[in-house]
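Visitor: Here it is: the structure, laid out below.
The values are calculated or read from the model by the stated rules, or taken from the named source; none is laboratory data. All values derive from a computational prediction rather than experimental measurement. Note that each Cβ is placed from the backbone with ideal geometry, even for glycine, and that neighbours are counted across all protein chains shown.
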Amino acid sequence: MFTGLIESIGIVRTVAPMMKGLRLSIDTVLAGELLVGDSVSTNGVCLTVTEVTSEMFDVEVSPETTRVTTLGTLAVGHVVNLERPVRADARMGGHFVQGHVDAVGFVETIHSESEHHRVKVAFPDSLSRYLVERGSIALDGVSLTVAELRASTFDVQIIPFTWEHTAFSKYSEGDAVNLECDILGKYVVRAMEIKSPDSC
């Protein structure tokens, strides 16, 4: 379980195709604090550390994950958002983020608003029922608030600190991004779907 509060960024140093998926080597200051077997949210995707040095760690990405997320499009030099799982005794900032991507969206526009940035993201119809204005959304692993919601797009406003300390400053219009809706909202929707007509 993650919070969507990014600890550090990483830089993809190698991308190695495998018979089943691919292997990424990521350069980050967090490497020295990781152990083999640890989970790391990488651009919002929960992955397992398979090798680690003082400067880099490796993860393996399954074929299914490369199909349903943006990780299959990463190249050497890409900047990624990184977060370790939240500890049970830690303050819960952000919101509950599982690292299980619901869909891929696309950046439509990026506008500067004073020192802030407003980003419009297009999302697939399958996510419509899980999104609410002022609700939470994880965008490449970052916990954000839906500032404005439309039929097929939503806006988020990104404060200067988040812009400077995540991969957002590298984004361009047209970029694909990983989206994860609030798990609490998904449980509510599921409960309403299976609720019997004669129940209270």
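Visitor: Against the condition modelled with pLDDT under 95, within 26 Å of residue 31 (Cβ to Cβ) and either acidic (Asp, Glu) or outside the structural domain of residue 165 (by TED's automatic domain parsing) (or both), how does residue 44 come out, does it pass? Talk me through it step by step, then tell me what you get.
Guide: On the way: modelled with pLDDT under 95: no; within 26 Å of residue 31 (Cβ to Cβ): yes; either acidic (Asp, Glu) or outside the structural domain of residue 165 (by TED's automatic domain parsing) (or both): yes.
In short, no.
Visitor: Checking the condition more than 19 Å from residue 34 (Cα to Cα) and either outside the structural domain of residue 14 (by TED's automatic domain parsing) or without any contact (Cβ under 8 Å) to a residue 24 or more places away in the chain (or both), which residue from 78, 95 passes?
Guide: Working: 78 fails: either outside the structural domain of residue 14 (by TED's automatic domain parsing) or without any contact (Cβ under 8 Å) to a residue 24 or more places away in the chain (or both).
That would be 95, the only listed residue that is more than 19 Å from residue 34 (Cα to Cα) and either outside the structural domain of residue 14 (by TED's automatic domain parsing) or without any contact (Cβ under 8 Å) to a residue 24 or more places away in the chain (or both).
Visitor: Moving on. Taking residue 66, is it exposed (fewer than 13 other Cβ atoms within 10 Å of the Cβ), closer than 22 Å to residue 46 by Cα, hydroxyl-bearing (Ser, Thr, Tyr) and in the same structural domain as residue 43 (by TED's automatic domain parsing)?
Guide: Numbers: exposed (fewer than 13 other Cβ atoms within 10 Å of the Cβ): no; closer than 22 Å to residue 46 by Cα: yes; hydroxyl-bearing (Ser, Thr, Tyr): yes; in the same structural domain as residue 43 (by TED's automatic domain parsing): yes.
For residue 66, the condition - exposed (fewer than 13 other Cβ atoms within 10 Å of the Cβ), closer than 22 Å to residue 46 by Cα, hydroxyl-bearing (Ser, Thr, Tyr) and in the same structural domain as residue 43 (by TED's automatic domain parsing) - is not met.
Visitor: Of the numbered conditions (1) assigned by TED's automatic domain parsing to the domain that holds residue 146; (2) out of contact with any Asp or Glu (no Cβ under 6 Å at 6 or more places or on another chain), residue 107 satisfies every one except a single condition; which is it?
Guide: (2)
Visitor: Name the one entry in 173, 133, 108 that is of a type in the set (Asp, Glu) and touching a Leu at 6+ places or on another chain (Cβ under 8 Å).
Guide: On the way: 173 fails: touching a Leu at 6+ places or on another chain (Cβ under 8 Å); 108 fails: touching a Leu at 6+ places or on another chain (Cβ under 8 Å).
Just one listed residue meets the conditions, 133.
Visitor: While we're looking at this one, here's another question. Do the conditions hold for residue 42, that is, is it under 12 Å from residue 142 (Cα atoms), of a type in the set (Val, Ile, Thr) and out of contact with any Phe, Trp or Tyr (no Cβ under 6 Å at 6 or more places or on another chain)? Give the derivation first.
Guide: On the way: under 12 Å from residue 142 (Cα atoms): yes; of a type in the set (Val, Ile, Thr): yes; out of contact with any Phe, Trp or Tyr (no Cβ under 6 Å at 6 or more places or on another chain): yes.
It is true that residue 42 is under 12 Å from residue 142 (Cα atoms), of a type in the set (Val, Ile, Thr) and out of contact with any Phe, Trp or Tyr (no Cβ under 6 Å at 6 or more places or on another chain).
Visitor: Let me ask something else about it. Would you mind telling me which numbered condition in (1) within 16 Å of residue 99 (Cβ to Cβ); (2) at pLDDT below 95 residue 17 fails?
Guide: (1)
Visitor: Continuing with the same structure: Select, from 122, 103, 90, the only residue that is small (Gly, Ala, Ser) and in contact with a Phe, Trp or Tyr (Cβ under 6 Å, 6 or more places away or on another chain).
Guide: Values: 103 fails: in contact with a Phe, Trp or Tyr (Cβ under 6 Å, 6 or more places away or on another chain); 90 fails: in contact with a Phe, Trp or Tyr (Cβ under 6 Å, 6 or more places away or on another chain).
None of the other options fit; the residue is 122.
Okay, residues lined up against (1) in the same structural domain as residue 119 (by TED's automatic domain parsing); (2) surrounded by 14 or more Cβ atoms within 10 Å (Cβ to Cβ); (3) among the polar types (S, T, N, Q); (4) in contact with a Pro (Cβ under 6 Å, 6 or more places away or on another chain):
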{"position": "131", "(1), (2), (3), (4)": "yes, yes, no, no"}
{"position": "136", "(1), (2), (3), (4)": "yes, yes, yes, no"}
{"position": "141", "(1), (2), (3), (4)": "yes, yes, no, no"}
{"position": "146", "(1), (2), (3), (4)": "yes, yes, no, no"}
{"position": "150", "(1), (2), (3), (4)": "yes, no, no, no"}
{"position": "158", "(1), (2), (3), (4)": "yes, yes, no, no"}
{"position": "161", "(1), (2), (3), (4)": "yes, no, no, no"}
{"position": "164", "(1), (2), (3), (4)": "yes, no, no, no"}
{"position": "167", "(1), (2), (3), (4)": "yes, yes, no, no"}
